[in-house]
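The values are calculated or read from the model by the stated rules, or taken from the named source; none is laboratory data. Bear in mind that the values here come from a model prediction, so they are computed numbers and not experimental data. Please note: Cβ atoms are built from the backbone with ideal geometry, for glycine as well, and neighbour counts cover all protein chains shown. Just the protein is used for accessible areas: all its heavy atoms, side chains included, with ligands, DNA and RNA removed. Shrake-Rupley method; radii C 1.70, N 1.55, O 1.52, S 1.80 Å.
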Amino acid sequence: MKLLIWGAGAIGGTIGAHLARAGHDVTFVDRADEHVAAINRTGLRIEGPLAQFVAKAPAFLPDDVAGEFEHVVIAVKAQDTADATRALAPHVRRDGYVVSAQNGLNELVIKSIVGEARTMGCFVNFGADYIEPGLIQYAGRGAVVLGEIDGRVTPRIGELHRVFRDFDDAAIVTANIWGYLWGKLAYGAQLFATALTNDSIADALADPRYRDVYVEVAREVMRVARARDITPEGFNGFDPHAFAPDAAREVAERSLDEMVAFNRRSAKTHSGIWRDIAIRKRRTETDAQLGPIVTLGAEAGVATPLVSRLIELMHEVEDGKRPQSHATLDLLRAAVLTG
């Protein structure tokens, strides 16, 4: 298959490199000059406990890519989705599509630009990090799910699924991609909370002092999903039913334990959210991932005070007003206790 991968970082780079190694015709686009130059000079290197190889594929800056593609994978940060989709739109064939391999509800943004018929959903939960120009660490396997946003199972989703299995042979197709995306929103909210500290994901989720935080923030997201008639799906230890408003606490504790076990198996110890702040010194996906929960919750009449407070604290950490520390997470815990 001939694919355009728009965004050659942790997610797009990992997927694209594996597909190129499998013999697919992959073209990368990335806005980082040095990353594009490194890929063209020596290839895209994948390292980590799961695979070590170099994939050779052409890479371009957004203004330099030419031609049209039937299959386009967008894998940029959520806050860059609108600009990236407008930039790639001229390169999508009339009968082609854009598949979002991102975190968040980016399919809503993509379809507003290229149209619903040319938008496809994707859910990924594998562990990977951009290390330096030309180098990605593939740290741990995780769920890979493809789905049409209207719930149909089409020939094109079947074709793409066969291709994605060259990346991960456990990849699946679903008729409920929105359920997976909302499940990831709830898990993602928990990860944002862990990123208020310097703890690893596993250590943070295992800490009994803060389990109320992780349970309640996920419950808040699940209440919004329920109000919007979404049936969330589970993955890699995250059980959406465990965080339903009426779920027993021991069920939530069991799901957290399973998430801890899953994350302990990965060489990726910290979230990309933590890495954006602590290592890459850049803005996170806070507004693009958590903001829609608040907005869609308000539309459905569901209050989201804990997610709203989490957004405030993330911005204060990004702005250097608060450190990544337990003291900062304590402020979110205080919102749980007084809620």
Residue hits (the stretch 182-226; under 18 Å from A327 (Cα atoms) and of a type in the set (G, A, S)) are A193, A195, S200, A204, A206
Condition set in a helix (DSSP H, G or I) and open to solvent by 40 Å² or more (accessible area, probe 1.4 Å), scope the stretch 275-292, selection farthest from P245 (Cα to Cα): answer is R275
- Does R93 fit the bill of being in contact with a strand residue (DSSP E or B) (Cβ under 7 Å, 6 or more places away or on another chain), outside any loop (DSSP other than H, G, I, E, B), within 25 Å of V153 (Cα to Cα) and of a type in the set (K, R)? yes
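Going through the stretch 187-212 one residue at a time, which ones are within 21 Å of the chain's Cα centre (by Cα) and of a type in the set (A, V, I, L, M)? Please lay out each step first, then the result.
Step one: of the stretch 187-212, the residues within 21 Å of the chain's Cα centre (by Cα) are 187-205.
Within the stretch 187-212, A189, L191, A193, A195, L196, I201, A202, A204, L205 meet the criteria.
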Considering the stretch 293-326, residues that are assigned to a helix (DSSP H, G or I) and of a type in the set (D, E), and then whichever is farthest from Y214 (Cα to Cα), we arrive at E299
Q) Does A175 satisfy being among the aliphatic types (A, V, I, L, M), farther than 17 Å from I273 by Cα and free of Cβ contacts under 8 Å to residues at least 40 places away in the same chain? A) yes
Please work out if A87 is in contact with a strand residue (DSSP E or B) (Cβ under 7 Å, 6 or more places away or on another chain), in contact (Cβ under 8 Å) with a residue 12 or more places away in the chain and more than 21 Å from I293 (Cβ to Cβ). no
Here the residues within the stretch 293-339 that are more than 20 Å from L185 (Cα to Cα), open to solvent by 50 Å² or more (accessible area, probe 1.4 Å) and β-branched (V, I, T) are T338
Test: I277 is in contact with a Ser or Thr (Cβ under 6 Å, 6 or more places away or on another chain), of a type in the set (A, V, I, L, M, F, W, C) and closer than 30 Å to A32 by Cβ:
no
Flag if I5 is open to solvent by less than 30 Å² (accessible area, probe 1.4 Å) and part of a strand (DSSP E or B): yes
Conditions (1) farther than 23 Å from A288 by Cα; (2) of a type in the set (D, E, K, R); (3) in a helix (DSSP H, G or I); (4) within 18 Å of the chain's Cα centre (by Cα) -> R156 fails only (4)
Among residues of the stretch 199-240 being of a type in the set (F, W, Y) and assigned to a helix (DSSP H, G or I), the residue nearest to I273 (Cα to Cα) is Y214
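Here's the yes/no breakdown for (1) part of a loop (DSSP other than H, G, I, E, B); (2) open to solvent by 10 Å² or more (accessible area, probe 1.4 Å); (3) of a type outside the set (S, T, N, Q); (4) within 25 Å of H241 (Cβ to Cβ):
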| position | (1), (2), (3), (4) |
| --- | --- |
| L146 | no, no, yes, yes |
| F167 | yes, yes, yes, no |
| W178 | no, yes, yes, yes |
| A189 | no, no, yes, yes |
In the stretch 107-128, anything in contact (Cβ under 8 Å) with a residue 60 or more places away in the chain, assigned to a helix (DSSP H, G or I) and either more than 30 Å from A51 (Cβ to Cβ) or open to solvent by 20 Å² or more (accessible area, probe 1.4 Å) (or both) is listed as L108
Looking at the stretch 46-53, is at least one residue more than 19 Å from I11 (Cβ to Cβ), loosely packed, with under 15 Cβ neighbours inside 10 Å and at pLDDT 95 or above?
-> no
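Looking for whichever is crowded, with 22+ Cβ neighbours inside 10 Å, of a type outside the set (F, W, Y) and more than 22 Å from L185 (Cα to Cα) here; the options are G16, G96, G104, G12. Which one fits?
G16
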